[in-house]
1. Separation of segment 69-93 and segment 127-200 by C-alpha centroid, Å?
2. Calculate the spin-label point distance for residue 351 paired with residue 139, positioning each point 7 Å from the Cα along the beta-carbon direction, and give it in nanometres.
3. Sort segment 344-401 into rounded, prolate or oblate with this rule: let a ≥ b ≥ c be the square roots of the eigenvalues of the Cα gyration tensor; rounded if a/c is under 1.5, and if a/c is not under 1.5, prolate when a/b is larger than b/c, oblate otherwise.
4. Between beta-carbons, use under 11 Å as the cut-off and find the net charge around residue 219, counting Lys and Arg +1, Asp and Glu -1.
5. What is the dipole size for segment 1-154, taken about its Cα centre, with +1 at each Lys and Arg Cβ and -1 at each Asp and Glu Cβ, in debye to the nearest 20?
6. By average Cβ neighbour count within 10 Å, what is the ranking of 375-382, 185-192 from highest down?
7. Tell me the per residue accessible area of the chain using a 1.4 Å probe; a whole number in Å² is fine.
8. Of 298, 122, 271, which is farthest along the charge dipole of the chain in the positive direction, counting Lys and Arg as +1 and Asp and Glu as -1 at C-beta?
Amino acid sequence: MIEPNLDHATLAVIGLGYVGLPLAVEFGKTRPVIGFDIDAGRIAELQAGRDRTREVEPAELAAASRLTCTSDLEALRAAQVYIVTVPTPIDAHKNPDLTPLIRASETVGRVLKRGDIVIYESTVYPGATEEDCVPVLERVSGLTFNRDFFCGYSPERINPGDKAHRLTTIRKVTAGSTPEAADAIDALYAGIVTAGTHKAESIRVAEAAKVIENTQRDLNIALINELAIIFNRMGLDTEAVLKAAGTKWNFLPFRPGLVGGHCIGVDPYYLTHKAEALGYHPQVILAGRRINDGMGSYVAGRMVKEMLRRRIRVDGARVLVLGLTFKENCPDLRNTRVVDVIAELQDYGMTVDVHDPWVDPDLAHEDYGLRPVETPEAGAYDAILLAVGHDSFREMGPARIRAYGRELHVLCDLKSVFSADDSDWRL
């Protein structure tokens, strides 16, 4: 039987990235928590009080006095509750890649005991927890689901770089594999989430709720991207149009741009994969994905047109791209679509330099083969693309940014950081 009260349970958080670390830290302020990650370098960094994702400040890490970070599998045996927070990416064919999730389930299965609870936070398609993960837990542990151990699902809602909406201030959806498990899991999260919880009717409902959150955002951004393409052809400034439309109380404040990151650019493919497995071909969702996936090529093409309009030679031109992360004011490079623009510009025969003060150069090189420049060369570039709206770029102002360009150059402001008069083109 499941323990109705988990107040004294030791927790293990599997995966200490953007999602797992804030969770482990928050729980670690009041109860024993084992933070587990297979990356020994990551563990050493956290033990030294530093978080490379910048989601958790050193003072917050220090406040989690009951958190122990380790890569030792045996240490997990002390836990009664396991929370899995590993990535769920897509492969080169845009199919769900459950490899990290399956491996994490195997890890937990090796230490799982009778009465334990396994909670998944990774974004998946409806049914994945019980259809894909539970069989792994049963096979490796030799235990029986909902008799010897129980499962839950509580979708992560971390927004990297957002200092206003944090783990404790975002309402948490919870679910369990039995009514008793659901109650215990809901109470567990209610102990740290001040915004409250919402107990879903089933694990599948909670999984579906998560995957449509970002699918909805993806479609809304796709609509605005398509409108931006139309307005560009009309000679209208998209930002001006959106500001005017935004004066109506129920107009949604979405903006055009590159759609990357670990959620919005990935999650819809989990839903469409499951739909197609059931014999239904989603039309609206995939249409939105095609628009957003094509924005890198569109931006590069518009930049080339602006260069040709000013009689700037394209082949052999030098371009400076400001910003590489998938969003502003965070170091997250996962699934950044700025690389699509860079690849297109290189195909035109241009030499591209990238500058981003938020990025770890070694990680950028490892993930994308790009080595960002620490200080761009003044007066050296035929074109400048402001790709990510970091505050540091905003504070520089258009004049300082234009100083990187040659006497004749173009400045393209992808994120409408500056006014229309301050750039040669903006999305």
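1. What the calculation gives is 14 Å, centre to centre.
2. Modelled inter-label distance: 5.2 nm.
3. Details: a/c = 1.89, a/b = 1.16, b/c = 1.62.
Cα axes put segment 344-401 in the oblate bin.
4. Details: positive: 217, 289; negative: 218, 226.
Its environment carries a net charge of 0.
5. On the way: 15 positive and 22 negative charges, 55 e Å.
The dipole magnitude comes to about 260 debye.
6. Values: 375-382: 14.5, 185-192: 19.6.
So the peptides 375-382, 185-192, ranked by packing, come out 185-192, 375-382.
7. Values: 18920 Å² over 427 residues.
Computed with neighbouring chains in place, this is 44 Å² per residue.
8. Ranked along the dipole, the leading option is 298.
The values are calculated or read from the model by the stated rules, or taken from the named source; none is laboratory data. No experiment lies behind these values; they were computed from the predicted model shown. FYI the Cβ positions are ideal-geometry reconstructions off the backbone, even for glycines, and counts take in every protein chain you see. Heads up: the accessible areas ignore ligands, DNA and RNA and are worked out on the full protein's heavy atoms, side chains in. Shrake-Rupley method; radii C 1.70, N 1.55, O 1.52, S 1.80 Å.
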